[in-house]
Structure formats: structure tokens, C-alpha cells
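Attaching a single structure in C-alpha cells format; questions to follow.
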Amino acid sequence: MTGGLGGGEGRLWTSNQAITFLKLKPVPMSSDFTGIALRIGATLFFTIMVLFIKFVTDDIPTGQIVFYRSAFALIPLVLFLYWTKDFPSGLKTKRPLGHVARCLMGCMAMFASFASLKYLPIAHATVIGYIAPILAVILARLILKEEVTGARWLGIFFGFAGMLVLILPKISGVAADRDYFIGASLGVLMAVLTSGAKIQIRSLAKTENAGAIAFYFALTCAVAGLATLPFGWVTPNAEQLFWLIGCGFAGGFAHIMMTLSYQYSEVSKLATFEYLSLVFAVLSDLIFFAIIPDANFYLSSALIIMATLIVAFSDRVGRLFRPRGSSST
């Protein structure tokens with residue numbers, strides 16, 4: 001399960017890819033603490049990445065931010081792949097066109113997500129990003145013809161209800177906020193593109209090394225960001241350069257910590273810690289921008305988090321209560 005802004009297309013691979021990538025075996029219960037600590041650390045670093053991006057969105061073009069975020073994330077990523085003996089041998093691919101499709105959707109999602117931060121509080125951008133796995137269920141039904149259970153449709157309903165609770169009061173009536181509407185639209189676009197990228201990743205993961213998927217995505221985003229140079233980059237000052245380089249390294253370290261966390265604990269035990277990103281986002285808004293969430297934000301967050309949990313765990317709960325000997329259709 002992935003969600004939130006840091007778990008959108010700021011992320012290079014998903015939890016399932018990380019498990020496949022490390023060829024993990026069951027681990028003893030005593031390792032759970034290490035896995036949880038790494039997962040919390042990854043969530044914190046993703047929030048730091050988003051915070052650093054937020055610091056420069058008013059002064060640095062989005063394409064330039066995408067370049068720094070992706071190029072400097074490649075440094076720890078390549079070192080990690082080398083450490084796991086997947087560089088350069090793991091970069092071989094049998095499906096270059098599949099990578100192209102995944103990278104195009106993912107790269108556009110990254111542009112949209114970073115652009116949205118110019119208009120939205122970090123916490124609001126994070127909540128909107130949580131709908132990506134919900135949208136992925138709909139796309140899986142339409143494109144892959146996967147069965148969607150009644151529980152998952154209920155989760156989808158709660159997810160969209162949460163979106164309306166968050167966005168509608170800001171964009172309707174006499175107090176309509178034009179900037180918020182732009183930011184929310186970019187956030188929803190990011191979630192749609194991310195859900196499409198997730199579907200493509202699921203297809204690629206059947207034959208491709210997860211390290212290759214992550215590497216080519218980061219490389220593509222770096223090149224795409226660099227391609228915006230003629231459209232007006234700016235020369236960052238020392239502080240801005242620190243934020244730009246820092247967001248890249250923070251993102252890279254977050255991916256590595258997330259990946260390693262699954263070496264020590266199970267996905268189901270780590271999944272809920274992803275929602276700490278919302279806590280970190282609210283604290284970031286409060287401490288650095290003096291933004292206090294309203295009641296609609298908390299109601300929306302509760303609905304969307306409940307929706308993603310239903311989508312993520314409905315099958316497991318169904319199997320738990322299904323009579324022995326029965327089979328699902």
C-alpha cells in the first residue's frame with residue numbers, strides 16, 4: 001500500500017517491489033522493532049523531502065526541482081544497488097517500452113505533485129495523494145479486468161467522500177480559493193497518474209528487476225527536469241541549493257530505508273506506519289508555516305485513511321472469516 005505525497009511518484013518503488021528486490025525470507029519476530037524503526041525513518045525522510053521542496057516552490061521552477069530531486073536521489077540509489085550486487089547487472093531489461101510507459105506517467109505525476117506544493121499546505125497535498133491506491137483499484141478493474149469486491153467498492157466510496165469533504169469547501173461559494181483549486185487539481189492529477197504508474201509497475205514487476213524500474217524512473221525524471229532548462233531555470237542561492245540537493249538525498253535515503261524495513265518485518269505490520277506521514281505533514285505545516293488544519297481536514301483524513309485500509313486489507317479480512325473449504329470466485 002502506498003499513498004501520500006511522499007508515497008506518490010516521489011517514490012521509486014513499492015513495498016511489493018522492495019520485497020521481490022531483496023529476495024526476502026520470513027524473519028523472526030524480534031526483528032520487528034528494526035523494521036518498524038526503518039519504516040518510520042523512511043516516512044520521516046519522505047516528509048523532509050517534501051518540506052525541502054515546499055521551501056523552494058515559490059522561487060525555483062518545477063522542472064528544476066524535479067531535476068535536483070531525481071539526479072541526487074540516483075547517488076544513494078546506485079550505491080545501494082551496487083551494495084546488493086544489482087548494479088549494473090540488474091539494469092538489463094526485456095521490456096523497454098514498458099519502462100517508457102511507466103516512466104512517462106510517473107514523471108508527469110512527479111511534476112504535478114511538486115507543482116501542487118506551491119498552492120497547497122503539505123498536509124493537504126499528503127491527504128490528496130492517499131487516493132492513488134484507491135484509483136489504482138478502479139484502473140485495475142477497467143484495464144486488467146480484476147475483480148473488485150463489495151468491500152473495496154465501499155472503500156472507494158469513502159475515499160471519494162473524503163476528497164469532497166476536503167476540497168469542496170475551499171473551491172465553492174463566495175469564498176472560493178482559486179489557488180487552492182489549482183493545487184487540488186494538480187494533486188488529483190498526480191494521484192491519477194500515480195495510479196496508472198502503479199498498474200504499469202505491477203505488469204513490469206513480473207519480468208523486470210525492481211532496481212531497474214527504480215533506476216530508469218529516476219534517470220528519466222532527471223533528464224525530463226533537465227530538458228526544462230531552456231524554459232527559464234534560475235541560479236539558486238546557497239540556501240536554495242541546500243534544499244534542492246537535500247530533497248534528492250532525503251528521497252534516496254527514504255527509499256533505501258523503506259526497502260530495508262521489509263527485510264526485518266512483514267508488510268501488514270508496517271503498512272499503518274505510512275500514515276505517520278500525515279502527522280509529520282501537519283507538524284511541518286504548523287512549525288514552519290503556522291498553518292493549523294480545520295475540522296474538515298481531520299474528517300477528510302479519517303475517511304480517506306479508512307478507505308485505503310479497506311482497500312488494502314479487505315481480501316485478508318475476507319479470507320479470515322471465510323469458512324474453511326470454501327473458495328472465492
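Given 183, 225, which one is assigned to a helix (DSSP H, G or I), touching a Gly at 6+ places or on another chain (Cβ under 6 Å), at pLDDT 90 or above and among the small types (Gly, Ala, Ser)? Please lay out each step first, then the result.
On the way: 183 fails: touching a Gly at 6+ places or on another chain (Cβ under 6 Å).
Every option except 225 fails the conditions.
OK, next. Do any residues in segment 123-134 that are within 18 Å of residue 280 (Cβ to Cβ) have Cβ atoms under 9 Å from those of residues that are aromatic (Phe, Trp, Tyr) and modelled with pLDDT under 95, where the two are at least six apart or on different chains, and which pairs are they?
Listed by first residue and then by second, the contacts come to 123/297; 124/180; 124/297; 127/297; 130/275.
Separate question: For residue 199, state whether it is buried (at least 19 other Cβ atoms within 10 Å of the Cβ) and more than 19 Å from residue 303 (Cα to Cα).
Here the answer is yes, as residue 199 does meet what is asked.
Another question, if that's okay. Pick from segment 80-130 the residues that are in a loop (DSSP other than H, G, I, E, B) and of a type in the set (Ser, Thr, Tyr): which of them is surrounded by the most Cβ atoms within 10 Å (Cβ to Cβ)?
Among those residues, the one meeting the criterion is 130.
A further question on this structure: Filter segment 154-170 down to residues that are farther than 14 Å from residue 303 by Cα and surrounded by 16 or more Cβ atoms within 10 Å (Cβ to Cβ), then give me how many there are.
Result for segment 154-170: 2.
Still on this model: How do the helices (runs of 4 or more DSSP H) wholly within segment 235-329 filter down when requiring 3 or more residues that are at pLDDT 85 or above, buried (at least 16 other Cβ atoms within 10 Å of the Cβ) and not aliphatic (A, V, I, L, M): which remain?
238-261, 276-289, 295-321
Now, a different point. Would you call residue 205 buried (at least 23 other Cβ atoms within 10 Å of the Cβ) and not charged (D, E, K, R)? If you could, list the steps in order and put the result at the bottom.
Details: buried (at least 23 other Cβ atoms within 10 Å of the Cβ): no; not charged (D, E, K, R): yes.
Criteria not met by residue 205.
The values are calculated or read from the model by the stated rules, or taken from the named source; none is laboratory data. Every value quoted in this text rests on a predicted model; they were computed, and no experiment measured them. FYI the Cβ positions are ideal-geometry reconstructions off the backbone, even for glycines, and counts take in every protein chain you see.
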